[in-house]
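Here the structure comes first, spelled out in structure tokens, and everything after it is commentary.
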Amino acid sequence: MANTSSAKKAVRKIARKTAVNRSRRTEMRTYVRRVEEAIKSGDAAAAAAALHDAEPKVMRAAQKGILHKNTASRKVSRLTVRVKALAK
């Protein structure tokens, strides 16, 4: 347990930051899941729209340190390839 006042404050800050990061991560995963579901249903227009909404969420997560930037780029790239393949 934290003994000093600065350590106690650090614990409070970490708890707040963890809650924010968890919320952002959950939101990002929800948007990615919507793209996955649209791809699975075979609806190219819905998948493209869902990808259009999901891409900024994934990239913003990378900016905020929730994902590594290369991981975010890879996720977006793989989803884009799958959505484009669906449109053919």
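Every number here is computed from the coordinates shown, using simple stated rules; none is lab data. This is a predicted model, so every value here is computed, not measured. Here the Cβ positions follow ideal geometry from the backbone for every residue, glycine too, while neighbour counts run over all protein chains shown.
Here are the numbers:
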| read-out | value |
| --- | --- |
| Charge dipole magnitude, Cβ of K and R +1, D and E -1 - the range 5-87, Cα centre, debye nearest 20 | 800 |
| Between helix 5-41 and the chain: long-axis angle, C-alpha atoms, 0 to 90°, nearest 10 | 10 |
| Between 0 and 90°, nearest 10: helix 69-87 axis offset from the chain longest Cα axis | 20 |
| Estimated inter-spin distance, residue 7 and residue 70, nm [label 7 Å along Cα→Cβ] | 3.7 |
| Packing-based exposure ordering (other Cβ within 10 Å, fewest first) of 39, 14 | 14, 39 |
| Cα-Cα over 28 Å, subset of 13/57; 17/75; 9/69; 13/69; 8/69 | 9/69; 8/69 |
| Rg/Rg_ref, the chain, where Rg_ref = 2.2 N^0.38 Å and atoms are Cα | 1.45 |
| Positive dipole terminus of the range 5-87, leading residue within 6, 85, 30 (C-beta point charges) | 6 |
| Relative contact order (percent, whole number), the chain, Cα cutoff 8 Å, 6+ residue spacing | 27 |
